[in-house]
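S.K.: I have a structure I would like to understand better, so I am pasting it below and will then ask my questions one at a time.
The values are calculated or read from the model by the stated rules, or taken from the named source; none is laboratory data. These numbers were taken from a predicted model, which means no experiment stands behind them. Neighbour counts are summed over all protein chains in view; Cβ atoms, including those assigned to glycine, are modelled from backbone coordinates with ideal geometry.
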Amino acid sequence: MSIVFQRPHALIDKPLHYCPGCTHGIIHRLVAEVLDELGIEGTTVGVASVGCTYNSYEYFNCDMVQAAHGRAPAVATGIRRSLPDRTVFTYQGDGDLAAIGTAEIVHAATRGEKITTIFVNNAIYGMTSGQMAPTTLVGQVTTTTPFGRKPELHGYPVRVCELLSTLEGAVYVERVAVNNVQNIRKAKAAIKRAFQVQAAGLGFSIVEVLSICPTNWGMSPDKSLEWLRDNMIPHYPLGNFKNVALPGETPAADGSDK
Amino acid sequence: MKGNEVIAEAALRAGCRHYFGYPITPQTEVAHYMARKMEEIGGTFVQAESEVAAINMVYGAASAGVRAMTSSSSPGISLKQEGISYAAGAELPIVVIDIVRCGPGLGGILPAQCDYYQMVKGGGHGDYHNIVLAPQGVQEMYELVVDAFNLADKYRNPVVVMGDGYMGQMMEAVEFRDQEKIERPEKPWAACGSEMKRPHNTITSIYIEADVLEAHVRHMYEKYKAIEENEVRVDVQNCEGADVIIAAYGTCARVTKNVIKDAAKLGIKVGLIRPITLWPFPKKAFEQYAKVPKGFLTVEMSMGQMIDDVKLAVNGQNNVYFYGRTGGNVPGQKDILAEVVKIARGEGGDLR
C-alpha cells in the first residue's frame, strides 16, 4: 500500500494553538507542502511575526527567526543579504504587515528584496481580541469599531496587493483565498510560484491569503467562509496582480509578463 | 583619519561585512565609508528606510550568524531601542554605534553625552544590559570597535560603542594593527538553514510561560555577572594621594587631563577615573578611592547622568560634585579647574 497523503515534513507534528475553524492551519500546511515539494526545508529560513502566528516557529521545521511587530521584512532583508543562497520567507498578518509594518513591507518590495511574504488577511486583529485592522471592511464591527467601520471616522480598508504591485521591485503579487478546495489549490500554486520567483533571484514576491477568524468575527467557521466569499472577495478581488517569467518560461507577448 | 571613518574601517577589519544604516548627523560618514567599501569588497550595505528597519536588518543578519553593525546618533538610537531590546532578549551579537548629539527631541547636532541613560540604563524595555564602550579618541575608537565585535560574539549580547559627537568628527592619527585580535566563535545556534543535518534553530525573544521567561532572564543575568567580573575597563590616572578625583569619559576626560596639569601648578592634586566600559561600570576603581580627601567631581556633557553610577559606586562614603555643559557645549578647562579649586578649598560646588 502506498501513502498518498501525509503531514509535510516541513510541518512539525504537534497540535496547532489556533482557534477552532481558523485557516492559519491550512496556510501553514500549504507553505510546508511547498517547502517539501521544492526540497528547500534545509535551506530556508522563515520569519515569524507578531500576532496569532508569533510562534509559527513552533510549527515550521526550517530554521526560524521571530521578529518584532511589523519588522519581519527588515529582519528577512538582513537574513537574505547575509545568506544569498538561502530562501527566506516572512509570515505576517494584516495588523503586522499593513499597519505597524507598512514602511518595512513597502521598502522591502521597493528594494526588490529576494524574499517571499505570506500575508494573511483576515480583516481583523486576532491575537489582541478583534480590533479594527487596516484591512477591516467598511461597516465591519470590531472591538474598536463597535458600531461598524465608518470611513469618516476610521478611513478605508487598504488593498495591499494593489499598492505593492505599483512597485518595480515587487515582481510577483497575487491574492488568493482559502475558503474552498478550489481556492486552496490556487493558493498553493501561488505560494509555490512565489518561492520559485525568489529562487530564480527575480525580486520580491508576495501572496496575500484571505483568511477567516471565526472567534473574533463572532461566527461559526462555515458562516465565516460564507462571509469571506460574500464580503471580502468583492473588496479584495482574487487573482494575479503582477507576474514574471520564471527561467524557461516565455514572457507574455504584451509585455505584462502575465 | 576622521573618527567616523575609523569606525567603519575598524568594523571591516573586524570582519563585519554587513552594515545597515540610516542617515543622521553627526555619524553619517560611517555610512558613506561603508557604502563605498562594501560595494568594492562584495559586502552588504543597505540604506534602510528608517532606523527601526536598520536595527531589525542587523537583527536578521546576526540571526543568520554574520557580524553585523548599524550606526546612528541619539534621536536615531531612540528608534533603535526596540530592536536592541529584542536582540538582547534573543541573545544576538550585534554592534551599535552611537555618536551622541544633544537632546531631548530633535535637540541639536552638536556633541553631547546625554545618551548615557538610554544606552547604559537600558533604553528599550525589559531586564537587560548592553555592553557600552566609550572611547576618548580616534585610536581608541578603532580598538574598541574591533573589541565590540569580539565581545558581542563572546557573550551573544548587543555591544554599543558610544562617543560624543567629537569622537566621530575629530581627525587624529590612527595606527591600524596588521593582525587584528579577532575571535570568532562557532555559531551553532544561528538560523542559517539546517541542511537537514540538525534540528531546526529558532531565534526568539518570546517566552509566554512565566517560569520559562524568568529562567531565560536569570540565564541572561548570569551572563551579565560574568561580564561584570571579566570585562570592566577603566583608565585610572594620578589618583594615589589625590585631593580631588574627577570622573569623566570621552571628550570630558581629554579636557580633564589638562586640568590635572593646571591644578598641579596651584598645588592641588587631581586624579582621573575614566570609565572605558560604561557598562559594566568600573565600581571597584571608585570604591578603592572612595575616601579621596576632598571628594569626587563628575564632569559630563549633560546635566548629569553618569553621576548616578559614580554615586552608587561611592556609596555615600564621600561627596560627589557635578559640573556639566549641554546643548552642544563642552566643559572648558578653566571652568573645570575653577570647580576643582572650589572643592579643594572646601568652598562648595554643585553637590549632588
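S.K.: Do we have residue B:291 as in the same structural domain as residue B:122 (by TED's automatic domain parsing) and over 27 Å from residue B:102 (Cα atoms) here?
M.R.: Against the criterion (in the same structural domain as residue B:122 (by TED's automatic domain parsing) and over 27 Å from residue B:102 (Cα atoms)), residue B:291 does not qualify.
S.K.: Of all residues in segment A:44-88, which are among the charged types (D, E, K, R) and more than 7 Å from every other protein chain (Cβ to nearest Cβ)?
M.R.: Hits for segment A:44-88 are A:58, A:80, A:85.
S.K.: Now for a different question. Considering each of A:78, A:39 in turn, give the residue that is without any contact (Cβ under 8 Å) to a residue 40 or more places away in the chain and on the phi > 0 side of the Ramachandran plot.
M.R.: A:39
S.K.: In addition: Report, by residue number, each residue of segment B:147-203 that is within 14 Å of another protein chain (Cβ to nearest Cβ) and of a type in the set (A, V, I, L, M, F, W, C).
M.R.: B:189, B:190, B:191, B:192, B:196, B:203
S.K.: Here's a follow-up. Among the residues of segment B:35-54 satisfying the criterion of being of a type in the set (Val, Ile, Thr) and at the interface with chain A (Cβ under 8 Å from one of its Cβ atoms), which is nearest to residue A:96 (Cα to Cα)? Walk me through how you get there before you give the answer.
M.R.: Our first condition is that a residue be of a type in the set (Val, Ile, Thr); within segment B:35-54, this holds for B:41, B:44, B:46, B:52.
Of the ones still in play, those that are also at the interface with chain A (Cβ under 8 Å from one of its Cβ atoms) are B:44, B:46, B:52.
Details: B:44: 26, B:46: 23, B:52: 14 Å.
The extreme case among them is B:52.
S.K.: Is at least one residue of segment B:167-180 assigned by TED's automatic domain parsing to the domain that holds residue B:72, under 14 Å from the mean Cα position of the chain (by Cα) and modelled with pLDDT of 95 or more? Explain how you work it out, then say what you get.
M.R.: At the first step, the residues of segment B:167-180 found to be assigned by TED's automatic domain parsing to the domain that holds residue B:72 are B:167-180.
Those still in the list that are under 14 Å from the mean Cα position of the chain (by Cα) too: B:167-168.
Adding the requirement that they be modelled with pLDDT of 95 or more leaves B:167-168.
Among the residues of segment B:167-180, at least one is assigned by TED's automatic domain parsing to the domain that holds residue B:72, under 14 Å from the mean Cα position of the chain (by Cα) and modelled with pLDDT of 95 or more, which makes the answer yes.
S.K.: Among the residues of segment A:122-129, is any touching a Pro at 6+ places or on another chain (Cβ under 7 Å) and either free of Cβ contacts under 8 Å to residues at least 24 places away in the same chain or surrounded by fewer than 20 Cβ atoms within 10 Å (Cβ to Cβ) (or both)?
M.R.: No.
S.K.: In the list A:147, A:89, which residue meets the criterion of being farther than 27 Å from residue A:221 by Cα and among the aromatic types (Phe, Trp, Tyr)? Write out each step before concluding.
M.R.: Values: A:147 fails: farther than 27 Å from residue A:221 by Cα.
Unique residue meeting the criteria: A:89.
S.K.: How about segment A:157-258: which strands (runs of 3 or more DSSP E) wholly inside it have at least 3 residues that are under 19 Å from residue A:91 (Cα atoms) and out of contact with any Gly (no Cβ under 6 Å at 6 or more places or on another chain)?
M.R.: Qualifying strands (runs of 3 or more DSSP E): A:170-177, A:204-210.
S.K.: If you don't mind, another one. Of all residues being hydrophobic (A, V, I, L, M, F, W, C) and in a strand (DSSP E or B) in segment B:263-277, which is nearest to the chain's Cα centre (by Cα)? Just the residue, please.
M.R.: B:273
S.K.: While we're here: From the residues in segment B:78-98 that are more than 11 Å from chain A (Cβ to nearest Cβ) and charged (D, E, K, R), which one is nearest to residue B:205 (Cα to Cα)?
M.R.: B:91
S.K.: Quick one: which of B:324, B:304, B:250, B:267 is of a type in the set (Gly, Ala, Ser), touching a helix residue (DSSP H, G or I) at 6+ places or on another chain (Cβ under 8 Å) and modelled with pLDDT of 95 or more?
M.R.: From the options B:324, B:304, B:250, B:267, the qualifying one is B:250.
S.K.: For residue B:138, are the conditions met, namely being of a type in the set (Val, Ile, Thr) and within 26 Å of residue B:122 (Cβ to Cβ)? Steps first, please.
M.R.: Working: of a type in the set (Val, Ile, Thr): yes; within 26 Å of residue B:122 (Cβ to Cβ): no.
Spelling it out, it is not the case that residue B:138 is of a type in the set (Val, Ile, Thr) and within 26 Å of residue B:122 (Cβ to Cβ).
S.K.: Would you confirm, using the coordinates I've provided, whether residue B:186 is assigned to a loop (DSSP other than H, G, I, E, B) and farther than 30 Å from residue B:86 by Cα?
M.R.: Spelling it out, it is not the case that residue B:186 is assigned to a loop (DSSP other than H, G, I, E, B) and farther than 30 Å from residue B:86 by Cα.
S.K.: Taking the condition of being surrounded by fewer than 22 Cβ atoms within 10 Å (Cβ to Cβ) and more than 19 Å from residue B:64 (Cβ to Cβ), how many residues in segment B:86-115 meet it?
M.R.: The qualifying residues number 8.
S.K.: In segment B:50-164, which helices (runs of 4 or more DSSP H) lie fully inside it and hold 2 or more residues that are under 17 Å from the mean Cα position of the chain (by Cα) and within 22 Å of residue A:76 (Cα to Cα)?
M.R.: B:74-89, B:138-155
S.K.: Oh, and also: Filter segment B:335-352 down to the residues that are free of Cβ contacts under 8 Å to residues at least 60 places away in the same chain and either under 29 Å from the mean Cα position of the chain (by Cα) or surrounded by fewer than 16 Cβ atoms within 10 Å (Cβ to Cβ) (or both) and list them by number.
M.R.: Scanning segment B:335-352 gives B:335, B:338, B:339, B:345, B:346, B:347, B:348, B:349, B:350, B:351, B:352.
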